[in-house]
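The values are calculated or read from the model by the stated rules, or taken from the named source; none is laboratory data. Bear in mind the structure is a predicted one, so any value in this text is a computation, not a measurement. Cβ placement follows ideal geometry from the backbone for every residue including glycine, while neighbour counts extend to all protein chains displayed.
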Amino acid sequence: MPRFRLTLAVGAFLVGAVSAASAADLPGPPAYPPPQAPATYVPVAPVFSWTGFYLGANAGYAWSSGSGSFNGGTTSFSGSGNAFEAGGQLGYNYQFGGGFVLGVEGDFQGAFGSGGTLTATGAIPISATAKVPWFGTARGKIGYAFDRLMIYGTGGAAFGDSTLSGTAAATAFSSSTTYWTWTVGAGAEWAFAGPWSAKLEYLYAGSPSSVPSVPGVTSVSGSASTNLIRAGLNYHF
């Protein structure tokens, strides 16, 4: 009888040990609250700033026209012309108040083409070719930026060199003068990659302050205008 009880005791101990080992292998109750996966960091792209200096190049197309009279109305004239232009620009922008941008810009251009024509009838018949070999502008800018897109208006002074050659009352002549005038316009600029931006711009210029001299002409009255549209590329420092 004692041997039988000992056998039962040993069996009970073995069953208990196996049950305890099996229970240790089972997963425990879920943690509360369940652990959260670490958040994934997504970097935020910095807002583009237009503040700073820039340098660039541009190219475009200009066309002009004018009319008036010489010597108190004794000779009437008219003229028109067009040319391709190319050059460079240098400027500075300052962005404030969110998207507002103030700036200054200067540019210097060369004009290429056969030039325009000037004809006059009356007391002094004239047939001549007019050219503007070079010109430039010095302007202020005010605009608003929508992150990497800026819309702006611009205005200031334009200056350049004007030449005229041909015949006046059958007398050959050639002359030139430097001039200045006012200019206004508008444009849009897009910062498309890193420090690089591209722009499209329109400028309108008024009558020049002086015109090349013509033999026999003592006074000039009239008006002229020039339109310019160009595309450019800038690098921002």
Inspect segment 163-178 for any residue being modelled with pLDDT of 95 or more and closer than 29 Å to VAL101 by Cα and give the result as yes or no.
no
Top-ranked residue of segment 79-127 - restricted to ones that are closer than 13 Å to ILE142 by Cβ and of a type in the set (A, V, I, L, M, F, W, C), ranked as farthest from the chain's Cα centre (by Cα)
PHE96
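From the list PHE96, PHE100, which one is without any contact (Cβ under 8 Å) to a residue 24 or more places away in the chain, touching a strand residue (DSSP E or B) at 6+ places or on another chain (Cβ under 9 Å) and closer than 25 Å to THR154 by Cβ?
PHE96
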Criterion violated by GLY216 - all others in (1) more than 26 Å from SER165 (Cβ to Cβ); (2) out of contact with any Ser or Thr (no Cβ under 7 Å at 6 or more places or on another chain); (3) not hydroxyl-bearing (Ser, Thr, Tyr) satisfied
(1)
Residue count, segment 82-130, condition over 16 Å from GLY232 (Cβ atoms) and either of a type in the set (Asp, Glu) or not in a strand (DSSP E or B) (or both), comes to 9
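For every residue, the table says whether it meets (1) surrounded by 19 or more Cβ atoms within 10 Å (Cβ to Cβ); (2) free of Cβ contacts under 8 Å to residues at least 24 places away in the same chain; (3) under 14 Å from GLU105 (Cβ atoms).
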| position | (1), (2), (3) |
| --- | --- |
| ASP161 | no, no, no |
| ALA168 | yes, no, no |
| PHE173 | no, no, no |
| VAL184 | no, no, yes |
| GLU189 | yes, no, yes |
| TRP196 | no, no, no |
| PRO208 | yes, no, no |
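If you go through segment 225-233 one residue at a time, do you hit one that is over 26 Å from the mean Cα position of the chain (by Cα) and surrounded by 15 or more Cβ atoms within 10 Å (Cβ to Cβ)? Before you say what the answer is, go through the steps one by one.
Narrowing segment 225-233 to residues over 26 Å from the mean Cα position of the chain (by Cα): none.
No, segment 225-233 has no match at all.
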Can you name every residue in segment 96-120 that is polar (S, T, N, Q) and more than 22 Å from VAL184 (Cβ to Cβ)?
SER114, THR117, THR119
Pairs with Cβ under 7 Å, 6+ apart, first in segment 117-133 and surrounded by fewer than 18 Cβ atoms within 10 Å (Cβ to Cβ), second of a type outside the set (Phe, Trp, Tyr) and outside any strand (DSSP E or B):
GLY122/THR74; ALA123/ASN71; ALA123/THR74; PRO125/ALA169; THR129/GLY115
With respect to ILE151, determine if the residue is among the β-branched types (Val, Ile, Thr), closer than 30 Å to PHE173 by Cα and surrounded by fewer than 20 Cβ atoms within 10 Å (Cβ to Cβ).
no
